[in-house]
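Inspection log for the structure reproduced underneath, given as structure tokens.
The values are calculated or read from the model by the stated rules, or taken from the named source; none is laboratory data. Predicted, not measured: the structure shown is a model, and the values here were computed from it. Please note: Cβ atoms are built from the backbone with ideal geometry, for glycine as well, and neighbour counts cover all protein chains shown.
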Amino acid sequence: MNYLRSPQADADQDFELLETLLLDEGAYLLFDRHLQRLLASARYLRFFVSASAVTDALRAYAQALPHGRWRVRMRVSRVGGVLLERYPVQPLPPPPLTVALSRSPVVSDDIFLAHKTTHRAVYDSRRADHPDVFDVLLWNEQGELTEFTTGNLVVELDGSRLTPACASGLLAGTLRAELLDRGEIREETLPCTVLQRASRLWFINSVRGQVEVQIKGAYEDDYH
């Protein structure tokens, strides 16, 4: 692991804003979408973040890494300090990639679902319940599917590709936004029961792209 820390990065005593970007041969995928999401969260959560400082830090980091595929993890403190870390993008496990349904619901109005931060207890606790799967699929108190712990969900239903609505309680991922704008997927409220009828499932995020997955075990009617 290698990192770059700005002088103010240690000033935060609570949580930090978080973005994870794919750096591929010196270029970031969906850079503008990541930046705009970060700035929107900063405004909502009252972080003092400079767009130019974040942009300059990311560009300087990319210039130092002109080759390879890297997962760049960026943390931004409440006073605007930037910490950048890089990790090689590892190959996916061999298919089929299995996912599991969370054992308990999330609360749809939890702000830490709508904003990407280092406060990830809601994700970490559910991920820990299923250590043997690729990821865990979350659902809310209304019995609606939401997202995975590290990516968004896309389902194929009756020939259409659908993704859960933000109102169900989830992070609006950058690849999700890109696919919505391109008309490749459609947003819809998806009850857990659609898993009984869905012909295909995908895990999506900006680092991994679109990864087809399978639910581990049979869907159970007690998820409601």
Within the range 3-35, the count of residues that are part of a loop (DSSP other than H, G, I, E, B) and modelled with pLDDT under 95 comes to 6
Residue list for the range 145-179, filter: assigned to a strand (DSSP E or B), touching a Ser or Thr at 6+ places or on another chain (Cβ under 6 Å) and of a type in the set (V, I, T): T146, V154
Restricted to the range 165-224 and to residues being modelled with pLDDT under 95 and out of contact with any strand residue (DSSP E or B) (no Cβ under 7 Å at 6 or more places or on another chain), the residue surrounded by the most Cβ atoms within 10 Å (Cβ to Cβ) is Y219
Filter pass, A167 being out of contact with any Leu (no Cβ under 6 Å at 6 or more places or on another chain), among the aliphatic types (A, V, I, L, M) and free of Cβ contacts under 8 Å to residues at least 24 places away in the same chain: no
In the range 107-156, anything among the hydrophobic types (A, V, I, L, M, F, W, C) and either modelled with pLDDT under 95 or touching a Lys or Arg at 6+ places or on another chain (Cβ under 8 Å) (or both) is listed as F112, V133, V136, L138, V154, V155
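Just to confirm my filter: which helices (runs of 4 or more DSSP H) fall fully inside the range 36-143 and include at least 3 residues that are in the same structural domain as W202 (by TED's automatic domain parsing) and either free of Cβ contacts under 8 Å to residues at least 24 places away in the same chain or under 16 Å from the mean Cα position of the chain (by Cα) (or both)?
Values: elements: 51-63, 111-114, 121-128.
Helices (runs of 4 or more DSSP H) meeting the threshold: 111-114, 121-128.
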Scan the range 141-162 and tell me whether some residue there is under 20 Å from D14 (Cβ atoms) and of a type in the set (F, W, Y). no
Hey, any hits in the range 53-61 for a residue that's at pLDDT 95 or above, of a type in the set (V, I, T), at negative phi and touching a Phe, Trp or Tyr at 6+ places or on another chain (Cβ under 7 Å)? no
